[in-house]
1. Out of the stretch 62-98, which residues are among the aromatic types (Phe, Trp, Tyr) and on the phi < 0 side of the Ramachandran plot?
2. Among (1) out of contact with any Lys or Arg (no Cβ under 9 Å at 6 or more places or on another chain); (2) crowded, with 20+ Cβ neighbours inside 10 Å; (3) acidic (Asp, Glu); (4) closer than 23 Å to Val34 by Cβ, there is one condition Asp92 misses while meeting the rest; what is its number?
3. Go through the stretch 137-169 residue by residue and tally those that are among the β-branched types (Val, Ile, Thr) and either within 16 Å of the chain's Cα centre (by Cα) or within 21 Å of Val99 (Cβ to Cβ) (or both).
4. Report yes if some residue within the stretch 139-151 is in contact with a Lys or Arg (Cβ under 8 Å, 6 or more places away or on another chain) and of a type outside the set (Val, Ile, Thr); otherwise report no.
5. Which numbered condition in (1) modelled with pLDDT under 95; (2) more than 30 Å from Pro32 (Cβ to Cβ); (3) touching a Ser or Thr at 6+ places or on another chain (Cβ under 7 Å) is the only one that Ser72 fails?
6. Could you count how many residues in the stretch 86-142 are among the charged types (D, E, K, R) and closer than 23 Å to Trp165 by Cα?
7. Out of all the residues in the stretch 150-159, which are more than 22 Å from Glu71 (Cβ to Cβ) and without any contact (Cβ under 8 Å) to a residue 24 or more places away in the chain?
8. Filter the stretch 141-169 down to residues that are among the aromatic types (Phe, Trp, Tyr) and farther than 21 Å from Ser72 by Cα and give me whichever is surrounded by the most Cβ atoms within 10 Å (Cβ to Cβ).
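The values are calculated or read from the model by the stated rules, or taken from the named source; none is laboratory data. What you are looking at is a predicted structure, and each value in this text was computed from that prediction instead of being measured. Glycine gets a Cβ as well: all are built from the backbone with ideal geometry, and neighbour counts include every protein chain shown.
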Amino acid sequence: MSRRSFRLFLVTLFVVIVFSYIVWNDKAVGRPAVLGEGASKVYLVERVIDGDTVELATGEKVRYLGIDTPESVKPNTPPQCFSKDAYKENRDLVEGKYVRLETDISERDKYGRLLRYVYVDDLFVNEFLVKEGYAVSKWYKPNDKYKELIDAAQEYAVTADLGLWKFCD
């Protein structure tokens with residue numbers, strides 16, 4: 001193999017390795033915190049805080065509307081029954097993924113968190129967590145756009161004895 005061919009081989013190999021790293025580890029170059037415009041915006045979930053709260057790559061924290069999961073990170077409070085399960089399920093659903101956020105009436109809660117309904121692709125995360133027994137339906141006026149839907153999801157979980165309805169008092 002000539003010296004020139006060997007250098008070309010090394011350069012090609014280097015490019016292939018770098019490209020493969022970028023493709024397999026999109027954090028290497030960073031993913032944008034927000035994709036799209038207007039109503040079609042989607043946001044990258046940087047981390048899951050608990051079963052019903054996430055932090056976006058923009059730094060904003062989002063509290064899911066219409067649901068409540070058992071507490072796992074409340075100061076001076078031991079983790080509640082099924083809180084770790086709710087956290088893990090929420091993490092599996094949204095962490096590191098792009099989500100679509102939908103507003104209701106109120107923009108933020110008293111802690112400054114965004115109040116939103118959350119979707120991953122076509123999955124309505126708020127409803128799913130309730131329907132599978134990871135969360136309960138909980139409403140604070142005036143935000144009740146999906147009250148009937150999420151209340152029906154809770155009726156299903158209770159009847160089917162799912163999640164916290166099976167394992168917690």
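1. Result: Tyr64, Tyr87, Tyr98.
2. (2)
3. Summing the residues that are among the β-branched types (Val, Ile, Thr) and either within 16 Å of the chain's Cα centre (by Cα) or within 21 Å of Val99 (Cβ to Cβ) (or both) in the stretch 137-169 gives 1.
4. Pass one, the stretch 139-151, residues in contact with a Lys or Arg (Cβ under 8 Å, 6 or more places away or on another chain): 139.
Those left that are additionally of a type outside the set (Val, Ile, Thr): 139.
Within the stretch 139-151, one or more residues are in contact with a Lys or Arg (Cβ under 8 Å, 6 or more places away or on another chain) and of a type outside the set (Val, Ile, Thr).
5. (2)
6. Residues in the stretch 86-142 being among the charged types (D, E, K, R) and closer than 23 Å to Trp165 by Cα: 8 in total.
7. Just the residues of the stretch 150-159 that are more than 22 Å from Glu71 (Cβ to Cβ), to begin with: 152, 155-156, 159.
Once the filter is applied, which keeps residues that are more than 22 Å from Glu71 (Cβ to Cβ) and without any contact (Cβ under 8 Å) to a residue 24 or more places away in the chain, the stretch 150-159 yields Ala152, Glu155, Thr159.
8. As a first pass, look at the stretch 141-169 and keep what is among the aromatic types (Phe, Trp, Tyr): 146, 156, 165, 167.
Pick out the ones that are also farther than 21 Å from Ser72 by Cα and you get 146, 156.
Details: Tyr146: 21, Tyr156: 14.
This residue is Tyr146.
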